[in-house]
Amino acid sequence: MSDVVYLAPEEIPKKWYNILPDLPEPLPEPRDPEGEESRIDLLPKIFLKTALKQEFSKRRWIRIPDEVLEMYMHIYRPRPLVRARRLEKFLKTDILG
């Protein structure tokens with residue numbers, strides 16, 4: 001069995017999976033280091049508002065914008081998927097053997 005999977009353009013997922021809703025407990029709120037300038041306040045200056053909204057979303061599935069899907073085609077997506085066997089072993093989710 002090969003560990004590399006090639007997707008045809010029509011097989012590219014249309015949604016991103018967000019693991020946050022499936023964690024056993026919520027992640028702690030972001031905190032700034034004590035006595036330093038707020039890094040959290042800098043986030044809107046570094047990232048697009050849409051990216052921050054997605055990053056902190058509680059939704060399990062987030063639709064990939066059409067513009068991003070189109071860019072995937074121009075940058076030679078889809079790249080092959082490579083099975084993460086060590087991660088599967090660590091998570092004890094190796095269902096395919």
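Among VAL4, LEU42, ILE62, pick out the residue whose Cα is farthest towards the positive end of the charge dipole of the chain, where Lys and Arg carry +1 and Asp and Glu carry -1 on C-beta, about the Cα centre.
VAL4
Taking 2.2 N^0.38 Å as the expected size of a compact globular protein, what ratio does the Cα radius of gyration of the stretch 2-68 give against it, to two decimals?
1.51
State whether the stretch 7-46 is rounded, prolate or oblate according to the following rule on the C-alpha gyration tensor (a ≥ b ≥ c being the square roots of its eigenvalues): a/c under 1.5 gives rounded; otherwise a/b larger than b/c gives prolate, and the remaining case gives oblate.
Cα axes put the stretch 7-46 in the oblate bin.
Considering only Cα-Cα distances, which of the following residue pairs are longer than 29 Å: LYS14/LYS49; LYS58/LYS92; LYS49/LYS92?
On the way: LYS14/LYS49 21 Å; LYS58/LYS92 25 Å; LYS49/LYS92 36 Å.
Beyond 29 Å: LYS49/LYS92.
Every number in this text was worked out from the coordinates using simple rules, so none of it is lab data. Just so you know, these numbers come straight off a predicted model, no measurement behind them. Note that each Cβ is placed from the backbone with ideal geometry, even for glycine, and that neighbours are counted across all protein chains shown.
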